[in-house]
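Chemist: This structure is in structure tokens; I'll ask about it shortly.
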Amino acid sequence: MKTNKLSIVLALVALAVSILACGFSTANIGDAWLSTDAEGSNHTTTFSQSDTINLFVDLRNAPDDTELKVAWIAVNAEGVDPNYLLNETNFTSSDDTVHFDLSNDNLWPVGSYKVDVYLNGTLDRSLTFEVQ
């Protein structure tokens, strides 16, 4: 009976060590959305050519050193190479709703776009949107 208990304890210790070694974090993204306004109240996936595109990422259970990266990509837009990286931004935060935006001095080309959201170096989600 002692051997079984010792084996279970050792297995739990090994599991805990492996989780810590992998850099386990409780951080997660509760929600992410696009908006035409800087307050984030007008959720949308369709923008006009003159809009600033606002992205909001709701971080939860995030330690102070939680890293977010967003990559804005023109998937299939007029006059732009397919899957062209428009911009990439890194940000470190804790629990918060983080606001990113992307603007253009000219009109956005009509087409399909996406923004990839990375949490601590791992792709968490992609949000697709259109410019019409």
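The values are calculated or read from the model by the stated rules, or taken from the named source; none is laboratory data. In this text the structure is predicted, and so the values were computed from the model without any measurement. So basically every Cβ, Gly included, is an ideal-geometry build from the backbone, and we count neighbours across all protein chains shown.
Chemist: Of the residues in the range 26-44, how many are loosely packed, with under 12 Cβ neighbours inside 10 Å and among the β-branched types (Val, Ile, Thr)?
Modeler: 1
Chemist: For the range 78-104, name all the residues that are of a type in the set (A, V, I, L, M) and under 25 Å from Gly30 (Cα atoms).
Modeler: First, the residues of the range 78-104 that are of a type in the set (A, V, I, L, M): 80, 85-86, 98, 102.
If the condition is that a residue be of a type in the set (A, V, I, L, M) and under 25 Å from Gly30 (Cα atoms), then Val98, Leu102 are the ones that fit.
Chemist: Given the condition closer than 20 Å to Asn28 by Cα, modelled with pLDDT of 95 or more, touching a strand residue (DSSP E or B) at 6+ places or on another chain (Cβ under 8 Å) and assigned to a strand (DSSP E or B), answer yes or no: does some residue in the range 105-113 qualify? Steps first, please.
Modeler: From the range 105-113, those closer than 20 Å to Asn28 by Cα are none; that's our starting set.
Within the range 105-113, none of the residues are closer than 20 Å to Asn28 by Cα, modelled with pLDDT of 95 or more, touching a strand residue (DSSP E or B) at 6+ places or on another chain (Cβ under 8 Å) and assigned to a strand (DSSP E or B).
Chemist: Can you tell me which residues in the range 26-73 are acidic (Asp, Glu) and in contact (Cβ under 8 Å) with a residue 24 or more places away in the chain?
Modeler: The first filter runs over the range 26-73 and keeps only residues acidic (Asp, Glu), leaving 31, 37, 39, 51, 58, 64-65, 67.
Of everything in the range 26-73, those that are acidic (Asp, Glu) and in contact (Cβ under 8 Å) with a residue 24 or more places away in the chain turn out to be Asp31, Asp51, Asp58, Asp64, Asp65, Glu67.
Chemist: Let me ask something else. If we scan the range 121-129, do we find a residue that is out of contact with any Leu (no Cβ under 7 Å at 6 or more places or on another chain), within 23 Å of His43 (Cα to Cα) and either small (Gly, Ala, Ser) or buried (at least 16 other Cβ atoms within 10 Å of the Cβ) (or both)?
Modeler: Of the range 121-129, the ones out of contact with any Leu (no Cβ under 7 Å at 6 or more places or on another chain) are 121-126, 128.
After this cut, where a residue has to be within 23 Å of His43 (Cα to Cα) as well, the list is 123-126, 128.
Among the residues that remain, those that are also either small (Gly, Ala, Ser) or buried (at least 16 other Cβ atoms within 10 Å of the Cβ) (or both) are: 124, 126.
Yes, because at least one residue in the range 121-129 is out of contact with any Leu (no Cβ under 7 Å at 6 or more places or on another chain), within 23 Å of His43 (Cα to Cα) and either small (Gly, Ala, Ser) or buried (at least 16 other Cβ atoms within 10 Å of the Cβ) (or both).
Chemist: Now, a different point. When only residues in the range 45-93 that are in contact with a Pro (Cβ under 6 Å, 6 or more places away or on another chain) and in a loop (DSSP other than H, G, I, E, B) count, which is surrounded by the most Cβ atoms within 10 Å (Cβ to Cβ)?
Modeler: This residue is Val80.
Chemist: Between a first residue in the range 104-117 that is in contact (Cβ under 8 Å) with a residue 24 or more places away in the chain and a second residue that is among the acidic types (Asp, Glu), which pairs have beta carbons less than 8 Å apart while being 6 or more apart in sequence or on different chains?
Modeler: Trp108/Asp51; Pro109/Glu78; Val110/Glu78; Gly111/Glu78; Gly111/Glu130; Ser112/Glu130; Tyr113/Glu130; Val117/Asp124
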